[in-house]
Structures are given as C-alpha cells and as structure tokens.
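Undergrad: Could you have a look at this structure, given as structure tokens, before my questions?
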Amino acid sequence: MNKGKITMQKTTGDIAKKIAQQITKSIGADSAWSDNANTWISNILSDSDMANSFFAGLTNTIIKQQILSRFFNNPLERFKTGELPYGVAESEFYINPQTGETFLYPEADTAGTGINGDLLKDKLPDIKQIFFKKNYGKKYKKSYSDAQILNVVQTWDNLGRLIDGISRSLVSDANIEEFDTMKAIMTAGFNNGDMVTMSIADITDKATAEAFLVKAREKFLSFQFPSDEYNTWTDSAAHKVKTWSDADSISIILTAKTSAVVDVYALAAAFNIDKAEIMGKVFVVDKIDDAGKVNAILFDDSKLHFEKVLERAYSFFNPDSCSISFYYYRQAILALDPFANCIAFTSYTYTKLTSSDAPADWATNYNDYFTKSGVSGDAYIKNNFDAAPVYAANTYYSRS
C-alpha cells in the first residue's frame with residue numbers, strides 16, 4: 001500500500017556508450033576510445049592505472065548515482081531522518097511541559113501562608129536527554145576478473161547490463177538488509193518494552209478488522225493530545241514526560257496478513273482522510289515478529305530514528321589478480337526514540353501473576369515475563385532484564 005516506489009531505469013546500450021565515452025575523456029584516455037565496445041574495453045584493461053581511473057569514474061558517476069534508485073525499495077525508507085554531519089554520536093533533548101503552581105495575590109492569602117514566597121526562586125526546566133551512537137555498519141563487495149569483463153563487454157548493451165548488475169547487487173542487497181534491520185529494531189522494541197502495547201483479537205475477518213480500526217482510530221486521535229501514556233521514557237514512575245503528535249506525522253505499519261483483511265477504504269475512513277492520502281501513511285511489511293503476533297504498529301514518524309552517517313561507493317583495480325572490485329558502504333545510527341508516541345497492536349494476551357505464582361524457571365527465563373506500568377487502559381509491557389529481580393516488588397504478566 002506504500003506508494004512512491006522508485007523503479008531503476010535500465011541502462012541501454014546508447015546510455016552505456018555515452019557514459020563510457022564521457023569517463024574515458026574525463027580521465028585523459030582519449031587514445032583508448034573506440035566505437036567498438038570490445039576494442040574499447042580491451043584498451044582500458046591494458047593499463048592498470050587507466051583501468052583503475054575508469055572504474056573509479058564509473059563508480060562515482062553511475063553506481064553512486066544509482067543509490068538514489070532502488071531495485072528493491074525499502075518500504076521504511078521515508079523514516080530516515082537525515083545525515084549526521086560529523087562524528088559518530090548525537091544527543092536529543094526533550095523539555096517536558098511543566099505543571100503550573102498555585103499563585104495567589106497577597107490579599108487572597110487569607111491564611112497568611114506566604115504561598116507566593118518562592119517567586120524569586122529559580123525554576124529549572126525539566127530537560128531529558130538521550131544519546132544515540134553509531135551502531136549500524138555494512139560493507140558490500142562485488143569483484144570481476146578482467147577476463148570476465150572482456151567476455152561480458154562485447155557490445156554496449158552488455159556494458160549497460162554490467163553496470164545495472166553491479167548496482168543491483170550492491171544497492172539492492174544493502175536495501176534488503178537495511179529493511180530487515182529496521183523491522184528487527186521495531187520487533188526488538190516490542191519485545192523489550194520500548195513501545196506501549198494493546199491486546200486485540202487476531203485480525204482474521206471483517207469483525208476483527210472493524211474492531212481493530214476502532215482502536216486504531218481512537219489511538220490516532222489520542223496521540224494528538226499531550227499525554228504520558230504512549231511514550232516510553234523511563235526516568236521514574238512518578239516523573240514521566242508528556243508528548244503529543246501532529247496528525248500528519250502519524251504513520252502505521254501493517255503486516256501483510258493484516259493488510260489483506262483490513263480494507264484500505266475503511267482504514268482511510270478510520271483516520272478521516274481520503275484513500276489517496278492514507279496510502280502515503282500506511283506501510284506494509286511481510287511480518288513484524290516471527291510469531292506473527294504483532295498485527296500493526298501506530299507511531300509518530302520520529303519513533304524510528306535512522307540517521308545516516310556514511311554512504312559511499314568505491315572501486316579498485318587489482319593488477320596482481322587482474323580483477324576489479326566494487327565496494328559499497330553504509331553506516332548509520334538506528335534506534336527507537338523513547339520520546340515518540342507509539343503503540344503496538346498485538347494478539348498476545350497477558351496474564352497477571354501474583355507473587356505466589358512466581359515461576360520456577362524465573363531465574364533462567366526471566367525475559368519471558370513482563371511488568372506493567374501505570375498506563376491507564378492499556379498495558380505497557382516491558383521486559384525485565386534484571387538477572388535476579390525481586391518478584392514480590394512488582395506486578396508481573398506472562399505472555400501467550
């Protein structure tokens with residue numbers, strides 16, 4: 001249901017020839033040029049410096065540019081937040097809205113309590129800070145021997161297919177793995193308690209789909225009002241933050257199973273926007289968790305924090321082995337923002353346990369059990385990662 005996919009344009013023989021001629025000229029190798037593709041590539045590969053220069057130029061002018069086009073389109077692409085200008089880490093500040101204090105005019109202070117006596121005291125803002133560090137880095141490589149290239153580049157059309165093949169291998173592979181990683185961090189967020197959860201019936205028919213739409217509409221509206229119920233800041237139970245979202249910055253991820261049942265027109269009606277508009281706010285993925293228990297995630301766009309740190313393409317001609325290697329690098333900061341509103345709709349049910357129900361396997365399987373915060377109405381399920389937690393001190397839930 002996500003629109004706006006980019007389809008990579010095929011590199012035709014005419015385009016490939018113009019590219020080759022342009023790069024050959026730019027590296028000062030005019031003498032190597034020939035209108036015959038086979039003769040031209042033989043001339044290029046006859047000198048290691050010339051070959052290195054040419055393929056570096058090819059990488060910069062074509063392969064690097066084709067990063068902007070995708071053979072595999074990452075459905076979560078739009079949630080990339082930009083590029084880190086320098087360094088390997090960044091921080092985010094959030095100023096929590098403060099609660100007003102009682103103020104009385106002196107004549108109204110009939111009890112003589114001096115309630116306005118602190119007017120000259122400093123009031124520090126309630127500032128929260130989190131840090132994001134570079135935590136995602138991948139390298140992709142594809143190599144060809146010069147004999148392979150000589151055999152492949154017999155015509156300009158073949159050169160075009162070679163260019164597209166290199167780009168497809170490097171960029172598409174990177175996009176697939178990036179997509180899987182972005183999904184994985186959402187799954188980890190669900191499992192680790194980094195998002196609020198709501199239990200719903202598994203979406204299998206019209207009735208369960210309509211019930212889900214009512215809940216989704218309710219939370220879509222609730223996100224737009226200041227509340228401490230939908231973010232996961234965990235400063236302390238008594239010191240939460242209030243957050244809210246603009247309507248146009250709220251998106252929803254549906255699994256393919258959920259999307260197959262939920263009608264897009266009904267979904268548009270639930271969000272009170274037309275079908276064409278909601279198509280840009282709904283993202284379909286194959287699955288969110290392996291168990292298939294998470295049906296959808298409604299979230300502020302800032303929840304998925306993806307900051308690009310490095311995206312580069314290089315090539316290298318190795319005269320020792322007469323081979324050309326193409327490299328593509330990506331580094332990023334990938335995290336979930338605890339200040340952003342988010343709720344996961346799940347068919348998991350949570351059964352309340354008492355201290356007398358402490359499971360025998362608690363010491364070794366404590367991550368299978370969950371605590372519930374004070375969120376009204378919905379369970380904020382959070383993994384307990386303490387190796388030896390005090391069971392009686394909290395309320396716990398098992399998940400099934």
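Undergrad: Can you compute the FRET efficiency between Val214 and Arg312 using 1/(1 + (r/R0)^6), with r the Cβ-Cβ distance and R0 = 45 Å? Round to the nearest 0.05.
TA: Working from the Cβ atoms, E equals 0.40.
Undergrad: Expressed in nm to one decimal, what extension gain is obtained for the pair Tyr329 and Asp228 from 0.36 nm per residue of sequence separation less their Cα-Cα distance?
TA: Difference between extended and current length: 32.4 nm.
Undergrad: When you take every Cα atom in the stretch 23-66, what is the radius of gyration, and what is Dmax, the widest Cα pair distance, in Å?
TA: So, for the stretch 23-66, Rg and Dmax equal 10.2, 28 Å respectively.
Undergrad: Let me ask something else. Please list, ordered by chain and number, the residues whose modelled amide H lies under 5 Å from the amide H of Val309; skip anything fewer than 5 residues away on the same chain.
TA: It is Leu84, Gln331, Ala332, Ile333, by chain and number.
Undergrad: What is the order of Lys293, Lys257, fewest Cβ neighbours within 10 Å to most? Mind dumping the intermediate values first?
TA: Values: Lys293 19, Lys257 16.
In order of increasing Cβ crowding within 10 Å: Lys257, Lys293.
Undergrad: On to the next question. For each of Lys10, Lys240, count neighbouring Cβ atoms within 10 Å of the residue's Cβ, then give the residues from fewest to most.
TA: Numbers: Lys10 10, Lys240 19.
So the ranking, lowest neighbour count to highest, is Lys10, Lys240.
Undergrad: Let me ask another. Using each residue's phi in the stretch 294-302, evaluate 6.51 cos²θ - 1.76 cosθ + 1.60 at θ = phi - 60° and report the 3J(HN,Hα) Karplus result to the nearest Hz, with x for Gly and Pro.
TA: Once θ is set to phi - 60°, the couplings for the stretch 294-302 become 9, 8, 6, 10, 9, 7, 5, 4, 7 Hz.
Undergrad: By the scheme Lys and Arg +1, Asp and Glu -1, what is the net charge of all other residues having a beta-carbon under 10 Å from that of Pro319?
TA: Counting the neighbours of Pro319, the net charge comes to -4.
Undergrad: Could you give the dipole magnitude of the stretch 170-256 about its Cα centre, charging the beta-carbon of Lys and Arg +1 and that of Asp and Glu -1, in debye to the nearest 20?
TA: So the dipole magnitude of the stretch 170-256 works out to roughly 360 debye.
Undergrad: Still on this model: Residue by residue through the stretch 24-38, which ³J(HN,Hα) values in whole Hz follow from phi under the Karplus form 6.51 cos²θ - 1.76 cosθ + 1.60 (θ = phi - 60°), with glycine and proline marked x?
TA: Once θ is set to phi - 60°, the couplings for the stretch 24-38 become 4, 5, 5, 8, x, 10, 4, 5, 7, 6, 8, 5, 8, 4, 5 Hz.
Computed from the coordinates by the stated procedures, all read-outs in this text should not be read as laboratory data. This one's a predicted model, so the numbers in the text were calculated from it and none came from an experiment. Ideal geometry is used to build each Cβ from the backbone, glycine not excepted, and the neighbour counts take in all protein chains shown.
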